[in-house]
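The values are calculated or read from the model by the stated rules, or taken from the named source; none is laboratory data. Predicted, not measured: the structure shown is a model, and the values here were computed from it. Positions of Cβ are generated from backbone atoms using ideal geometry, with glycine treated the same way; all protein chains shown enter the neighbour counts.
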Amino acid sequence: MTANGCIVHCGGDGPLLVRSPLRVRTAGAEDGIAKPKAALCRCGKSANKPFCDGAHRDIEFRAAGPIDTSRATSESESESEAAAPSGEEAGEAVVTAHANGPLHFDGVVEISGEGHEGSARFRQPWLCRCGASSNKPFCDGSHKEIGFEAEGL
């Protein structure tokens, strides 16, 4: 674990790269799968969801663009949960893959990448894993519109 706690890097047109310890909760693993780091699918096409299997390369997934921190919430969270105070400590992330929906990170997460200089810290972020959000890496509810299907809790 780094001094900054849980760090998620949005790898250009690739997966969400979690560069610190995490526990991934999904169908069949309600208590979570512990990982020292992980590549999580965000194109929606991995055969090994919620983990990346490289499918983003086959479908020519495009996600590049600056992070719009003003739209970092989803209908599932309140405004007060979005931005984390800069002094608040991050720790091991617990990531829940929701059935047919986004990835929910429980805790403070530092997100970098997507053409964004530096990083920004978020409390309880909901990140897109269907590939259709207009505000990647954040979920905007597009999974409902496109009929995204994936196992989860």
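Give the residues of region 116-153 that are of a type in the set (S, T, N, Q) and either modelled with pLDDT of 95 or more or touching a strand residue (DSSP E or B) at 6+ places or on another chain (Cβ under 9 Å) (or both), sorted by residue number.
Answer for region 116-153, where residues must be of a type in the set (S, T, N, Q) and either modelled with pLDDT of 95 or more or touching a strand residue (DSSP E or B) at 6+ places or on another chain (Cβ under 9 Å) (or both): Ser119, Gln124, Ser133, Ser142.
Assuming Gly87 fulfils every condition listed in (1) at pLDDT below 85; (2) in contact with a His (Cβ under 9 Å, 6 or more places away or on another chain); (3) in a loop (DSSP other than H, G, I, E, B) apart from one, which condition is it?
(2)
Among the residues of region 1-28, which ones are over 16 Å from Val109 (Cβ atoms), touching a strand residue (DSSP E or B) at 6+ places or on another chain (Cβ under 9 Å) and at pLDDT 90 or above?
Of the residues in region 1-28, the ones over 16 Å from Val109 (Cβ atoms) are 12-14, 26-28.
Filter once more, keeping what is touching a strand residue (DSSP E or B) at 6+ places or on another chain (Cβ under 9 Å): 12, 14, 26-27.
Correct list: Gly14, Thr26, Ala27.
Does region 46-62 hold any residues that are assigned to a loop (DSSP other than H, G, I, E, B) and more than 24 Å from Val94 (Cα to Cα), and which are they?
Result: Ile59, Glu60, Phe61, Arg62.
Ser76 - would you say it is at pLDDT below 95, surrounded by fewer than 16 Cβ atoms within 10 Å (Cβ to Cβ), assigned to a helix (DSSP H, G or I) and not aliphatic (A, V, I, L, M)?
Answer is no for this residue.
Out of the residues in region 99-115 that are under 17 Å from Cys43 (Cα atoms) and part of a strand (DSSP E or B), which is modelled with the lowest pLDDT?
Only one residue tops the list, namely Gly113.
Tell me, please, whether a residue that is in a loop (DSSP other than H, G, I, E, B) and at pLDDT 95 or above can be found in region 91-98. Let's see the steps before the verdict.
Step one: list which residues in region 91-98 are in a loop (DSSP other than H, G, I, E, B), which gives 91-92, 98.
Right, trim to at pLDDT 95 or above and you get 98.
Yes: one or more hits.
Specify the residue that is farthest from the chain's Cα centre (by Cα); the eligible residues are those in region 22-45 that are part of a loop (DSSP other than H, G, I, E, B) and surrounded by fewer than 21 Cβ atoms within 10 Å (Cβ to Cβ).
Step by step, filter region 22-45, then rank; the result is Gly28.
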